[in-house]
1. Modelled label-to-label distance, residue 113 and residue 55, 7 Å Cα→beta-carbon offset: nm?
2. Calculate, in whole percent, how much of the Cα-Cα pair population of region 3-120 lies beyond 16 Å.
3. What is the spin-label model distance, in nm, from residue 3 to residue 90 if the labels are put 7 Å beyond Cα along the C-beta direction?
4. For residue 79 and residue 22 in the same chain, what is the full-extension length gain: residue separation times 0.36 nm, less their Cα-Cα distance, in nm?
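Every number here is computed from the coordinates shown, using simple stated rules; none is lab data. This is a predicted model, so every value here is computed, not measured. Counting neighbours? That spans all protein chains shown, and the Cβs are built from the backbone with ideal geometry, glycine included.
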Amino acid sequence: MSNFSTMIRRRIDRAGVLLSTLCLIHCLAGLVLVSVLGLGGGALLNPRIHEIGLALAVVIGAIGLGMGAMRHRRPMVLVAGCAGLVLMALGLIVPDGPAEAALTMVGVLLLASAHIRNMRHAH
């Protein structure tokens, strides 16, 4: 793989980690603001935000983790990323509440760790 494609993949993985971090912050802020303060439920818990976030995560994950798996041939990185995406998708179909938040946050953490491992195995 060329230096250019390695650079692109690293940027995609970094974008994946950033998106995962933003998603985690969104989940935590939503839990705090809605359950503790009773604020922002309509905007923070809007299903469209979660659907768009998952769509972005799927695209970025497929490109970054897929290219990485072809390069370093470590399928567990791809499996961890896919497991994270599945948990995030399950978070969309369960009722709003603690189960949704837990599925989403664990999925986000798995996906972010897969992107980080993907970057580490790039060398």
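1. Rounded to a tenth, the inter-label distance reads 2.9 nm.
2. Value for region 3-120 (Cα pairs over 16 Å): 57 percent.
3. 4.4
4. The span from residue 79 to residue 22 would gain 18.3 nm if fully extended.
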